[in-house]
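Enquirer: Here it is, the structure in full.
The values are calculated or read from the model by the stated rules, or taken from the named source; none is laboratory data. Small disclaimer: the values here were computed from a predicted structure and weren't measured. Because the Cβ atoms are built from the backbone with ideal geometry, glycine has one as well, and the counts that use them run over all protein chains shown. In case anyone asks, the SASA skips ligands and DNA or RNA and just uses the protein heavy atoms, side chains included. Shrake-Rupley method; radii C 1.70, N 1.55, O 1.52, S 1.80 Å.
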Amino acid sequence: MSAPTAEIDIRFGSPEATPTPWTTAEPLVEAAELWWITTVRVDGRPHVTPLLAVWDDGALHFTCGPEEQKAVNLRTNDQVALTTGMNTQSDGLDVVLHGRAERVTDEQCLQRLADAWVAKYGEGWRFTPVDGTFAHGDDLEVIAHVFAVAPTEAFGFGKGEVFSQTRWRF
């Protein structure tokens, strides 16, 4: 994946703000332990919930059961926003990714992602790829779909002495 273009929006930051390079944001995206996903119900109401995710090959990956509200929503509208950051205004960089959530079913990709979940979150998050899904639990009775979101655009909100809003276009 080539580096996205970065542009500053001077309306929403300090006069001296400059665009945050994606090379600064991407390690934060990769390391973030918790994300918030926004999906849209069929009646137009938003649904927001926290989740764990791993960054791999230019996309953020998450799991959910096939009957969870976010999975139900994704069947009719695959556009999502994924948000991470700190709930303070004194420092940090908050990041919002926009894109389409696409099911991942390739067994090799699922195995790589399963390994990435364990590396990031520990043995309690060991998944086994089974028939294009993740299985979990002693008897592999819990099934989860895996989704990838390759961002089409992202926003970075720099906080601290200098406030900034950067838009990255992929």
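Enquirer: Just checking, does segment 137-160 include any residue being open to solvent by less than 70 Å² (accessible area, probe 1.4 Å) and free of Cβ contacts under 8 Å to residues at least 12 places away in the same chain?
Expert: Within segment 137-160, one or more residues are open to solvent by less than 70 Å² (accessible area, probe 1.4 Å) and free of Cβ contacts under 8 Å to residues at least 12 places away in the same chain.
Enquirer: Also: Just to be sure I understand the filter: pairs with C-beta atoms under 8 Å, separated by 6 or more residues or on different chains, first member in segment 26-40 and under 16 Å from residue 148 (Cα atoms), second member in a helix (DSSP H, G or I). Which pairs pass?
Expert: 37/70; 39/69; 39/70; 39/73; 39/74
Enquirer: What tally of residues in segment 66-85 results from selecting those that are out of contact with any Lys or Arg (no Cβ under 9 Å at 6 or more places or on another chain) and more than 23 Å from residue 142 (Cα to Cα)?
Expert: 4
Enquirer: Condition first: hydrophobic (A, V, I, L, M, F, W, C) and part of a loop (DSSP other than H, G, I, E, B). Now tell me which residues in segment 29-81 satisfy that. Write out each step before concluding.
Expert: Looking only at segment 29-81, we keep the residues that are hydrophobic (A, V, I, L, M, F, W, C), and these are 29, 31-32, 34-37, 40, 42, 48, 51-55, 59-60, 62, 64, 71-72, 74, 80-81.
Passing the criteria: 32, 34, 42, 52.
Enquirer: Before we move on, is residue 3 outside any strand (DSSP E or B) and open to solvent by less than 40 Å² (accessible area, probe 1.4 Å)?
Expert: No: the conditions fail for residue 3.
Enquirer: So, in segment 127-148, how many residues would count as being in contact with a strand residue (DSSP E or B) (Cβ under 9 Å, 6 or more places away or on another chain), of a type in the set (Gly, Ala, Ser) and assigned to a loop (DSSP other than H, G, I, E, B)?
Expert: Taking segment 127-148 first, the residues in contact with a strand residue (DSSP E or B) (Cβ under 9 Å, 6 or more places away or on another chain) are 127-136, 140-148.
Okay, now just the ones that are also of a type in the set (Gly, Ala, Ser), so 132, 135, 144, 148.
Within this subset, residues satisfying the condition of being assigned to a loop (DSSP other than H, G, I, E, B) are 132.
Looking only at that region, the number is 1.
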